[in-house]
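Reading through the structure tokens given below for one structure.
Read-outs: derived from the displayed coordinates by stated rules, not from any lab. Just so you know, these numbers come straight off a predicted model, no measurement behind them.
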Amino acid sequence: MSEQAHPARPGENSGSTDPGSKISVRGLKKSFGTNEVLKGIDVEVADGEVVCVIGPSGSGKSTFLRCLNKLEDITAGSVLVGGIDLTEPKVDLNKVRQQIGMVFQHFNLFPHMTVLENITLAPVELKKQTKEQARQSGMDLLKRVGLEEKADARPASLSGGQKQRVAIARALAMNPGIMLFDEATSALDPEMVGEVLQVIRDLAAVGMTMVVVTHEMGFAREVADRVIFMADGVICEQGSPEEIFSHAQQSRLQDFLAKVL
Ligand code: ADP
Ligand code: MG
């Protein structure tokens, strides 16, 4: 396919693993049965970099993110996250996952627990913090996402945007070095999208390393250091927001943008 054979942009596929990379993905392939969903992905994400991933439904964006904390078995290739090789047979998955916060489209909060209990559960269970430390930092996190006053509320009493902000605070509670977002605003009513994007924007501003799968093209354009366009299990094109949104090279990207912009 001529599109896939198109030369990479400068800086892409630079060869050796950069020791400053938080995430280093080489030749990643993922199949479900005979369905090859990821067909060879190469990505480096630098410390503090914000990478937005866009692309049509079914192109493999979620599968790619899930491979980054080994929620999926990796069929071929290598994935290094925070220096840990996830394809090592003896990899300590708990250690990997403590470094990575993940936020999904659906919030998956524990309904029988309060907001604060949702946030303090993992750090206390995994003995990262005492109950009191976890409570303190949980309140700090709630302040950060603007929900201090909801500490004792049950998730059911919150709006979708508030639930998602709690889910982000919960992911941050383990003090991860990397945050992954998979369409974190797609299930929200439109009026709540902005408050969640603002929390992600704030994280970008304090230098959090992030991979953000999103349909919010305006957000990607504004916040991303780099935008990756995935199609049919490959990175079809990547570049700065300006390059991707104003100077798309590939016809598949041009067609995609014509539909979503
Ligand atoms: P996207 O997030 O870009 O919409 P996905 O990564 O969710 O794409 O899906 C890519 C492809 O992988 C789809 O064809 C989907 O059906 C398939 N797929 C995803 N997860 C599974 C699974 N657990 N089992 C089988 N097929 C899957
Ligand atoms: Mg998806």
| field | GNM result for the chain, Cα springs below 10 Å: residue of Pro123, Pro241, Pro111 fluctuating most strongly | value | Pro111
| query | Hey, what do the phi angles of the stretch 84-91 turn into as Karplus ³J(HN,Hα) couplings, whole Hz, using 6.51/-1.76/1.60 and θ = phi - 60°, x for Gly and Pro? | reply | 9, 8, 5, 8, 4, x, 9, 4
| field | Length added when fully stretched, Asp92-Asp255, from 0.36 nm per residue minus Cα-Cα | value | 54.5 nm
| said: Give the aspartates and glutamates reachable from Lys128 as a straight Cα distance under 18 Å; neighbours fewer than 8 places away on the same chain don't count. | reply: Asp92, Glu117, Asp140
| task | Report ³J(HN,Hα) in whole Hz for each residue of the stretch 33-43, in order, from the Karplus equation J = 6.51 cos²θ - 1.76 cosθ + 1.60 where θ = phi - 60°; Gly and Pro get x. | result | x, 8, 8, 7, 8, 10, 10, x, 10, 10, 8
| Taking amide H positions as placed 1.01 Å from N in the peptide plane, with prolines and chain starts having none, which residues 5 or more places from Phe181, or on another chain, fall under 5 Å of its amide H? | Val103, Val211, Val212, Val213
| With each run of n ≥ 4 DSSP H residues scored as -39500 (n - 2.57), what mean residue ellipticity at 222 nm is computed for the chain after dividing by its residue count and rounding to the nearest 500 deg cm²/dmol? | -10500 deg cm²/dmol
| query | Want the number for Ala187 to Phe32: 0.36 nm per residue separation, take away the alpha-carbon distance, what's left? | reply | 53.2 nm
| Which lysines does Lys131 reach when only Cα atoms under 27 Å apart count, and residues fewer than 8 places away in its own chain are ignored? | Lys95, Lys143, Lys150, Lys163
| task | Check cross-link reach from Lys30 to the lysines: straight Cα distance under 16 Å, and skip same-chain residues fewer than eight apart. | result | Lys39, Lys61, Lys70
| Comparing Glu216, Glu88, Glu195, which has the greatest mean-square fluctuation in the GNM of the chain with Cα pairs linked when under 10 Å apart? | Glu88
| 5 angstrom amide H check on Ala46, placed H, neighbours 5+ away | Lys22
| task | Hey, can you grab everything whose amide H is under 5 Å from the amide H of Ala231? Only 5+ residues off in sequence or another chain; H modelled, so Pro and N-termini drop out. | result | Cys236
